[in-house]
Amino acid sequence: MLKMMTFFQGLSGHQPVQGTLDFPRSPQKLPSTSEAESETSMSVASSEDLVPPLEAGTALYREEEKTVKKKKEKQKKSKGLANVFCVFTKGKKKKGQLSSAEPEGTARSRQGLDGPPPTVEELKAALERGQLEAALPLLALERELAAAAAAGGASEEELVRRQSKVEALYDLLRDQVLGVLRRPLEVAPERLRQALAVVSEQESEDRQAAAAAAAGPGTLGLAVTRPRRWLQLWRRGVAEAAEERMGQRPTAGPEVPENVFLHLGRTMKEDLEAVVERLKPLFPAEFGVVAAYAESYHQHFAAHLAAVAQFELCERDTYMLLVWVQNLYPNDIINSPKLAGELQGVGLGSLLPPRQIRLLEATFLSNEAANVRELMDRALDLEAQHWAEDVPPQRLDGHCHSELAIDIIQIISQAQAKAESITLDLGSQIKQVLLVELPAFLRSYQRAFSEFLERGKQLRNYRANVIANINNCLSFRMSMEQKWQVPQDTLSLLLGPLGELKSHGFDTLLQNLREDLKPLFKRFTHTRWAAPMETLEKIITTVDVRLPEFSELQDCFREELMEAVHLHLVKEYIIQLSKRRLVLKTAEQQQQLAGHILANADTIQHFCTQHGSPATWLQPALPTLAEIIRLQDPSAIKIEVATYATCYPDFSKGHLSAILAIKGNLSNSEAKSIRSILDVSTGAQEPSRSLFSLIKPRPP
């Protein structure tokens, strides 16, 4: 991390250099033409040298130096520099813009009519003052030089001398033009148009030179100076300006990747918006000004992020890098309202190559999995500490409440949202990771809860904390069903540990009630079913007294617990009925017992249903057994047994034998024949709910 901080300081620590592309947010004072002076030095001829006339037929300098000087003095006395600037201003647009579209013949004729052409010294002085109007006579001078070389009247030495002067002037013009274009928002629009027109004129001249070179050999005696590629030089200057702008130090906050990325993104977006709004209307289409700036800024941004990605990044930096590459850059910059239409055809691409993005995403997923695991374990440890310290749970809407489920759901949801803030695809990938981490946590939760059930029985808030943890299962289940939308088999796997936790919690809550009911149920057999209604009334009263203990359960769990009570009552009743201490040899006795069982069954069903039990599946359990006891015809008994076995597939021959043993008037062969009916159902599916599997059968 220290190396990376040093890296950021090295990249952004330098101060902006003179000439950096600046995009002011408000209008600034624009420099006048005379103030835009260049410091570029060059070697030019002495003031005594003259540019040869530009009219057709004139190609050579005058031979006599003395004659040249006299001509110069005469020109200065008569018209002076007014004639020089007459060349610059005649034929201009209203505000002084150079017209690159003016035909060459028109320009030549005007030079001839307006007066003698400017000297090299005068052109140099004009260019040093930033007068870009000098570009046209300079171009004419270059063409005249080419014509003179083609005519063959001048010596090679003379041509070289004259070409060196022309190239020195072009160096001055190039620096002036590129200087204007380097800070395009700080110059007057007309001056910017002048500079752009000069570049366009030079590009046109480059194309003509290329066509002429393709048609035949070049001009003897002259060095090849075209193409000058000023448009390419401008693009290079754009790249340098972009690097300077993007390389400035962030104005606020420490130089950490997050702030550096923000600075780069904000600078690029604001600058490109300025290009679209203020430069595009002024630049000719051939410049592709928006694409040029966008590509330069993109390349610098991409190079910076690629350099950062080489370091060993912390979790936060990995996340921020992916957010910028996959989300903020393509969505908030490239596809922002002001830039989307302009950049659609530029094809900037991604800031990082796909392979590097996949590596970063894999690192992100690994980091998030470890982070989620650590946070969930920490939340569980804190909850278990509260249990051990006998901290009472909160009460919310009359129910015992624990924050554990909310904390875990929030941890999971934040990890999901964090991945989706990068891309939706990454959000789908992390969902699969979380579907592994969450069940592992729930198993840890179930184990920790089971340990608490064993060790915390003497604590004052033991039962309240048990209820609070059972209530937690509702929040977990609702979150998985509503937000995760996982397949049913996956949901069952996820809910497995919660089911065990809830079942163990119910067993704990019902333990005292079961202990109270045990001696009451034994009265059925001890009294040989002499007074079954009185015994059952005591059982129902005992249950009714205990029910308020479960009022702080969530409603759905209170119903489930009442179903467990309902199941316990039916199960214990069948167990007492199957103990074989009662053998009735007459049909009247069997019918009397069947009547008691029916009455007891109705009482149990009514009480449990009234208190919220949804266990309608238990309703035929006792009445059908009563009917088997009442019936005397073996065939009719077989029909009832077959029907019973469809309702309760776990009803076995051992269970049936215990019931048939009550019928003392049933022969062994008849009992065996009745039991055989269950052989037909041996291939039945496993029951979805257990009743007789909870009752130990006697051997048939």
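The values are calculated or read from the model by the stated rules, or taken from the named source; none is laboratory data. This one's a predicted model, so the numbers in the text were calculated from it and none came from an experiment. Because the Cβ atoms are built from the backbone with ideal geometry, glycine has one as well, and the counts that use them run over all protein chains shown. Accessible surface is based on the protein model in full, side chains and every heavy atom, while ligands, DNA and RNA are left aside. Shrake-Rupley method; radii C 1.70, N 1.55, O 1.52, S 1.80 Å.
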Item to check | FRET efficiency for S164 and A188, using Cβ-Cβ distance with R0 set to 30 Å, rounded to 0.05 | outcome: 0.35
Checklist entry - When every alpha-carbon pair in region 547-685 is counted, what percent end up more than 22 Å apart? => result 42
Checklist entry - Solvent-accessible area per residue for region 357-505 at a 1.4 Å probe radius, Å²? => result 49
Item to check | Under the Karplus curve 6.51 cos²θ - 1.76 cosθ + 1.60, θ = phi - 60°, whole-Hz ³J(HN,Hα) for region 577-593, x wherever Gly or Pro sits | outcome: 5, 9, 7, 6, 7, 10, 10, 10, 8, 10, 5, 4, 4, 5, 5, 5, 5
Checklist entry - When only the heavy atoms of the protein chains count and the probe is 1.4 Å, how do I430, I540 rank by accessible area, highest first? => result I540, I430
Checklist outcome for this item: Looks like region 197-236, by Cα gyration tensor root eigenvalues a ≥ b ≥ c and the a/c under 1.5 rounded cutoff (else prolate when a/b is bigger than b/c, oblate otherwise), is prolate
Checklist entry - Using a 1.4 Å probe, what is the accessible area per residue for region 573-693, in Å²? => result 47
Next on the checklist: Residues of region 432-460 with backbone nitrogen within less than 19 Å of a virtual label 7 Å along the Cα-to-Cβ line of T490, please, listed as ranges.
Outcome noted: 432-443
Checklist entry - Put a dot 7 Å past each Cα toward the Cβ at E420 and D377; how far apart are the dots in nm? => result 2.8
Checklist entry - How much FRET efficiency would the formula 1/(1 + (r/R0)^6) give for V436 and W617, where r is the Cβ-Cβ distance and R0 is 41 Å, rounded to 0.05? => result 0.70
Item to check | Simple Cβ-charge dipole of region 555-637, Lys/Arg +1 and Asp/Glu -1, about Cα centre, in debye nearest 20 | outcome: 480
Next on the checklist: If I model a spin label as a point 7 Å beyond the Cα along the Cα-Cβ vector, how far apart are those points for K522 and E454 in nm?
Outcome noted: 2.8
Item to check | Of all accessible heavy-atom area on region 251-350, the percent that carbon and sulfur account for (1.4 Å) | outcome: 50
Checklist outcome for this item: quick shape note, region 266-420: Cα extents on principal axes in Å, largest first -> 79, 37, 20
Checklist entry - Under a 1.4 Å probe, what is the accessible area of region 137-293 per residue, stated in Å²? => result 42
Checklist entry - Nearest 20 debye, what's the magnitude of the dipole of region 528-694 about its Cα centre given +1 on Lys and Arg Cβ and -1 on Asp and Glu Cβ? => result 900
Checklist entry - Leaving out same-chain residues fewer than 8 places away, which aspartates and glutamates sit with a Cα under 17 Å from that of K672? => result D633, E640
Checklist entry - How large is the Kirkwood hydrodynamic radius of region 357-505, in angstrom, based on all distinct alpha carbon pairs? => result 16.2
Item to check | Peptides ranked, highest mean first, by Cβ atoms within 10 Å: ranges 259-265, 509-515, 391-397 | outcome: 259-265, 509-515, 391-397
Item to check | Peptides 291-300, 484-493, 416-425 ordered by average Cβ neighbours within 10 Å, highest first | outcome: 291-300, 416-425, 484-493
Checklist outcome for this item: FRET efficiency for Q299 and N367 from the Cβ-Cβ distance with R0 = 30 Å, rounded to 0.05, comes out at 0.55
Checklist entry - For region 528-694, what % of the accessible area comes from carbon and sulfur atoms, probe 1.4 Å? => result 50
Next on the checklist: Using 26 Å as the Cα-Cα cut-off, could you pick out the over-long pairs in K165/K280; K502/K522; K269/K418; K502/K653?
Outcome noted: K165/K280; K502/K522; K502/K653
Item to check | For region 528-694, with +1 on Lys and Arg beta carbons and -1 on Asp and Glu, the positive-most of S652, S613, S551 along the dipole | outcome: S652
Checklist entry - Once the mean 1/r over all distinct Cα pairs of region 251-350 is inverted, what Kirkwood radius in angstroms do you read off? => result 14.3
Checklist outcome for this item: Distance in nm between A388 and H606 label points, each 7 Å along Cα→Cβ, equals 5.2
